[in-house]
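Note sheet for the following structure.
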Amino acid sequence: MADLTWKDMEIGNIITTPGSARAYRTGDWRSDKPIKDYETCIKCGMCWLYCPEAAITIDDDGMYGFDLFYCKGCGICAEECPKKCITMIEEEEV
Amino acid sequence: MAKKVGMEGSLAVSEAVKLANTDVVAAYPITPQTHIVESLAEMVANGDLDAEYIPVESEHSAMSACLGSSAVGARTFTATAGQGLELMHEVLYVASSMRLPIVMAVANRALSSPLSVWGDHSDVMAVRDCGWIQVFAENAQEAHDLVLWAFRVGEDTNVLFPVMVNIDGFNLSHVTEPLLLMEQADVDKYLPVNKYPLPLHPDKPVTMGAFGPPFIYTEAKKAQEVAFQNTKETILKGWDEFEKVFGRRYSPIETYQADDAETLLLTMGSLSETASLAVDNMREQGKKVGLVKIRLWRPFPFEEFRKTVKNANVLVVLDRCLSFGGPGGPVASEVRSALYDQANRPKVVSLIGGLGGRDVTPQNFEYMVDRGLEIAEKGSDSEYEMIGVRK
Ligand code: SF4
Ligand code: SF4
């Protein structure tokens, strides 16, 4: 995407292939990232419900995790978790 | 044969909107534009115009509704004035960047405060950079004609930009004048069906108005800028074709007695007719005075303008808008910078008048020429002067 020139733009910057938001990595401006203690998690799904980025995943066992491609590091999940099992830690320089 | 009628300027606009078989009108009434949307609402209610009329709660909503209807490929019209245009401000930029060919009539009105419903050009000058094609009408006939032309040019797939037709509040919007009403058969010949190339449609979903991160915003603006510059050809073609069908000629820059003029007056809109009276008077007195009228304000017709004024000594610009603390009235600053690099160019004098509905008389124009010559010769201690102020 980053090598598109001005001549490649559709009229009015219309996007003709749906789903382009999926390809956009919203996780790249994160300064903190969530980690969690899976032992204390009660699978209540509050983190999933509150995450503004839909970055909470659910696996086959019903266990909730994080999709760091999209997670913006806002910390809402950590704030809302009733068991306080999510902690925000500083993202390391890459 | 086109019928000659006596008609108010506002109705001349709405009749053109009707003849264009407009699909959607989304508008909010505001003086002095109200008669335009009022008469359109009546046409829709009476079944004379088969359109969707969307009464909205503000001008911001009016323009937003226009975005949506234009995006599905519907022929879309709105009208506003003064504060209403300013309330639309941010959405105007969205319309042009999204390349939606909305047509809007602006019954030019002063901006508050003090509250004024009367005419000047403060409203349109505040939105001059919004990326719309902008023209000025001088009388009701031109208002009638330019609205139809606006649909044809804006919707052309070589253009796809919104078009603003400026008509002076009250002086044009509320004055009844004789005009030739266009015939439906001629209109149908002149104006093809609107075919927006990538409309919103469930069969072929597209995303419009997506966000543009830093890696692409500049390219998006460059594409818009190049496309806007390229509209000129279609604008001129639209006027050529108009002349063929309707017999009336329009040009980006128009003149009156300008060919051998040493001093030129420059106006936009309805005051041009008053100025031409003053030119006649001064010609009788043996003064070599002429008039230049800017019809096409955006994209600014640099080439035509430079050619028209290059042999004059002094160009006196009347702006109906103040640019507080700026280098002159908005029109004067622009023409001055358009001429700065030219080897042959007149001196540009910036005068401000006709604010908030104040009459500008032929005598005022004669004063402007005298004062303009004086400033050109002796200079002035200010960048611009207001005329007609009680001392
Ligand atoms: S930190 Fe914010 S974005 Fe990331 S998973 Fe938690 S709620 Fe979602
Ligand atoms: S909110 Fe906390 S306890 Fe509930 S599912 Fe999420 S991590 Fe587990």
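Overview of values
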item: Magnitude of the charge dipole, the protein assembly as shown, Cβ model with Lys/Arg +1 and Asp/Glu -1, debye to 20; result: 980 debye
item: For the range B:9-66: rounded, prolate or oblate by the Cα gyration tensor [a/c cutoff 1.5]; result: oblate
item: For chain B, calculated [θ]222 nm from helices alone, where every DSSP H run of n ≥ 4 adds -39500 (n - 2.57); result: -13000 deg cm²/dmol
item: Selected from A:I56, A:I35, A:Y24, residue furthest toward positive end of dipole (the range A:24-64; charges at beta carbon); result: A:Y24
item: The protein assembly as shown - convex hull of alpha carbons, volume per residue in Å³; result: 212 Å³
item: Other protein chain Cβ atoms within 10 Å, averaged over every residue that makes up B:194-207; result: 3
item: Chain B: most fluctuating residue of B:V153, B:V165, B:V117 per GNM, C-alpha cutoff 10 Å; result: B:V117
item: Global geometry of the range B:1-138, whether rounded, prolate or oblate, following the gyration tensor of its Cα atoms and the 1.5 cut on a/c; result: oblate
item: Sparse-neighbourhood loop sites, trypsin sites (Lys or Arg not before Pro) in the range A:1-31 - DSSP loop, at most 12 other Cβ within 10 angstrom; result: A:R25
item: Chains B and A together, accessible area buried on both sides, 1.4 angstrom probe, square angstrom; result: 1600 Å²
item: For the range B:314-391 versus the range B:88-104, the gap between their alpha-carbon centres in whole angstrom; result: 31 Å
item: Computed FRET value (nearest 0.05) for A:I11 with B:L180, which takes r as the C-beta separation and R₀ as 51 Å; result: 0.90
item: Cβ neighbours within 10 Å from other chains - mean over A:16-22; result: 3
item: Loop sites in the range B:317-391: chymotrypsin sites (Phe, Trp or Tyr not before Pro), DSSP, at most 15 other Cβ within 10 Å; result: B:F324, B:Y340
item: Among the listed pairs B:K287/B:K378; B:K307/B:K347; A:K7/B:K232; B:K288/B:K310; B:K18/B:K204, those beyond 23 Å (Cα-Cα); result: B:K18/B:K204
item: Debye, to nearest 20: dipole size of the range A:25-90, +1 on Lys, Arg Cβ, -1 on Asp, Glu Cβ; result: 140 debye
item: Among B:H201, B:H144, B:H174: highest mean-square fluctuation, GNM of chain B, C-alpha pairs under 10 Å; result: B:H201
item: Normalised contact order of chain B, rounded percent, pairs of Cα under 8 Å and 6 or more residues apart; result: 16 percent
item: Calculated [θ] (222 nm, deg cm²/dmol) that DSSP helices of n ≥ 4 give over chain A, each run adding -39,500 (n - 2.57); result: -2000 deg cm²/dmol
item: The range A:25-90: C-alpha pair distances exceeding 20 Å, %; result: 17 percent
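The values are calculated or read from the model by the stated rules, or taken from the named source; none is laboratory data. Since we're looking at a predicted model, the values are computed, not measured. With ideal geometry, Cβ positions are generated from the backbone for all residues, glycine too; neighbour counts draw on all protein chains shown. Accessible surface areas use protein heavy atoms only, side chains included; no ligands, DNA or RNA. Shrake-Rupley method; radii C 1.70, N 1.55, O 1.52, S 1.80 Å.
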